[in-house]
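Engineer: Below you'll find the structure I mean.
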Amino acid sequence: MQDFLTYGIYGTAIFLMLLGVYAVLVKRNLIKIVIGLSILDSGLHLLFVAIGFISGGTAPIFSPMAIESANKMVDPVPQALVLTAIVIGFGVTAVALALVIRLYRHHNTINIDEIKNLKW
Amino acid sequence: MKKLLIFGLLIFIGVEILDVLSEVPFGEDRMKVSNFYLEKSPEVLKVSNVVTAIVVNFRGFDTLGEVTVLFLAAAGIGSILYRRRSVHTELNPKRTSTEASNIVQAGAKVLFPLIILLGAYIFVHGHLTPGGGFQGGAIIATGFLLMLISYRKFFVKHSGVTWIESIAGIVFVGLGLLGMVYGGTFLENFLPAGELNSLISGGIIGIIYIAVGFKVGAELTGVLDTLLNISQDEE
């Protein structure tokens, strides 16, 4: 059971990351590449949060009822890192989409095969 | 051939990562550093949400960098998409999107203040409940997005957005500098910690998260407005 959980949850996260990398490598549509980057981000966040989990753990928030429950709380450090990573991921996606709009204005296409300037 | 190569590469990466991760069993022990945080946060800082304590207090400098990245992203989008823009005002609506139906418009009018209220609640209570400045700011931006897509004539004043953004940033950096004056280090928590589980607790954490909430809300609204107003400049 423990093995199943380990490989199941880590496997899902890694599958999402690989899906994102596949989209970035194979797809020719720039919007789909941006979506791939976004999926890669999601997989990474899932992996971080999964590493911080402890069995039967609760959210790392102290409530008035149970002040002393600290030993049952999940690891808060990966959660704080993921909070940072989500914001950075938003910035990356937004700037990438703005660049796509700019490229579309210049070349009237978002297929990277047709944008000749990218080839050398 | 190329696809085969890519699949091989992906499988290689996946197996390698999974191999490393099998050394980290799922759902077991915490790191030492988080035990320190879990202990310090309620006792010394009197903050009940440990994630907030880490993000704003223990790693406050990192958060300042994060806010800077968000600001740079917003500014970058503005400069990448820059065009000699005609002034977009109430009398001169430039958006080409069709007007939303009456039901959406009436619903948006009712929901808009409630969404703003929810966002404000979430960033004011960032140190007590799940959530915080970034989440609250994102919710406020969704409220503005609702108004932007339901009313063609709704527009966001860019100078106002810039002012809110700048003042919030100055508050964050100013608190850091005050910490330097009163406590010795940048972003030192120099205000009294207060009482656990009350609204006024955690010293500068609440004030910083309110500033971050305003900043993120203003920035995301600016980004949405820029992206929505860009398409009609094409024709």
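The values are calculated or read from the model by the stated rules, or taken from the named source; none is laboratory data. In this text the structure is predicted, and so the values were computed from the model without any measurement. For neighbour counting, all protein chains shown are included, and Cβ atoms are generated from backbone atoms with ideal geometry for every residue, glycine included. The area values use the complete protein model at the heavy-atom level, side chains included, leaving out ligands, DNA and RNA. Shrake-Rupley method; radii C 1.70, N 1.55, O 1.52, S 1.80 Å.
Engineer: Restricting to the stretch B:115-134, what's the tally of residues that are under 15 Å from B:A53 (Cα atoms) and part of a helix (DSSP H, G or I)?
Structural biologist: So the count comes out to 4.
Engineer: Do we have any residue at all in the stretch B:209-219 that's at pLDDT below 85 and crowded, with 23+ Cβ neighbours inside 10 Å?
Structural biologist: Residues of the stretch B:209-219 that are at pLDDT below 85, as a first pass: none.
Within the stretch B:209-219, not a single residue is at pLDDT below 85 and crowded, with 23+ Cβ neighbours inside 10 Å.
Engineer: So, of the residues in the stretch B:59-87 that are in contact (Cβ under 8 Å) with a residue 12 or more places away in the chain and open to solvent by 70 Å² or more (accessible area, probe 1.4 Å), which turns out to be farthest from the other protein chains (Cβ to nearest Cβ)?
Structural biologist: B:R85
Engineer: Which of (1) over 28 Å from B:V15 (Cβ atoms); (2) surrounded by 16 or more Cβ atoms within 10 Å (Cβ to Cβ); (3) at pLDDT below 90 does A:F90 not meet, given it meets every other one?
Structural biologist: It fails just one condition, (3).
Engineer: Could you tell me whether A:A70 is closer than 30 Å to B:E39 by Cβ, more than 10 Å from chain B (Cβ to nearest Cβ) and modelled with pLDDT under 90?
Structural biologist: no
Engineer: On the given criteria, is A:I31 over 10 Å from the mean Cα position of the chain (by Cα), at pLDDT 90 or above and either more than 10 Å from every other protein chain (Cβ to nearest Cβ) or open to solvent by less than 30 Å² (accessible area, probe 1.4 Å) (or both)? Write out each step before concluding.
Structural biologist: Details: over 10 Å from the mean Cα position of the chain (by Cα): yes; at pLDDT 90 or above: yes; either more than 10 Å from every other protein chain (Cβ to nearest Cβ) or open to solvent by less than 30 Å² (accessible area, probe 1.4 Å) (or both): yes.
Yes: the conditions hold for A:I31.
Engineer: So, one more: Name the single residue, out of those in the stretch B:16-35 being closer than 15 Å to A:F15 by Cβ and either open to solvent by less than 70 Å² (accessible area, probe 1.4 Å) or within 9 Å of chain A (Cβ to nearest Cβ) (or both), that is modelled with the highest pLDDT.
Structural biologist: By that ranking, first place goes to B:I17.
Engineer: Kindly indicate which of A:L97, A:L81 is surrounded by 18 or more Cβ atoms within 10 Å (Cβ to Cβ), assigned to a helix (DSSP H, G or I), within 8 Å of chain B (Cβ to nearest Cβ) and touching a helix residue (DSSP H, G or I) at 6+ places or on another chain (Cβ under 8 Å).
Structural biologist: Among A:L97, A:L81, only A:L97 is surrounded by 18 or more Cβ atoms within 10 Å (Cβ to Cβ), assigned to a helix (DSSP H, G or I), within 8 Å of chain B (Cβ to nearest Cβ) and touching a helix residue (DSSP H, G or I) at 6+ places or on another chain (Cβ under 8 Å).
Engineer: Another question, then. Do we find a residue being among the charged types (D, E, K, R), under 28 Å from B:M31 (Cβ atoms) and in contact (Cβ under 8 Å) with a residue 24 or more places away in the chain anywhere in the stretch A:34-43?
Structural biologist: yes
Engineer: Next question, about the same structure. Of the residues A:F48, A:F4, A:F53, A:F15, which single one is at negative phi, open to solvent by 30 Å² or more (accessible area, probe 1.4 Å), more than 10 Å from every other protein chain (Cβ to nearest Cβ) and not charged (D, E, K, R)?
Structural biologist: Of the residues listed, the single one that is at negative phi, open to solvent by 30 Å² or more (accessible area, probe 1.4 Å), more than 10 Å from every other protein chain (Cβ to nearest Cβ) and not charged (D, E, K, R) is A:F48.
Engineer: Anything in the stretch B:36-58 that is exposed (fewer than 15 other Cβ atoms within 10 Å of the Cβ) and at the interface with chain A (Cβ under 8 Å from one of its Cβ atoms)? List them, or say none. Reasoning before the result, please.
Structural biologist: First pass over the stretch B:36-58, keeping only residues exposed (fewer than 15 other Cβ atoms within 10 Å of the Cβ): B:36, B:39, B:43-44.
Residue satisfying the conditions is B:E39 alone.
Engineer: Need the failing condition index for A:R102 against (1) within 7 Å of chain B (Cβ to nearest Cβ); (2) in contact (Cβ under 8 Å) with a residue 24 or more places away in the chain; (3) among the charged types (D, E, K, R); (4) open to solvent by 60 Å² or more (accessible area, probe 1.4 Å), just the number.
Structural biologist: (2)
Engineer: What pairs can you find where one residue is in the stretch B:133-157 and more than 8 Å from B:G217 (Cα to Cα), the other is among the basic types (K, R), and their Cβ atoms are less than 7 Å apart, with a gap of 6+ or different chains?
Structural biologist: Note: pairs meeting the criteria are B:R152/B:R95.
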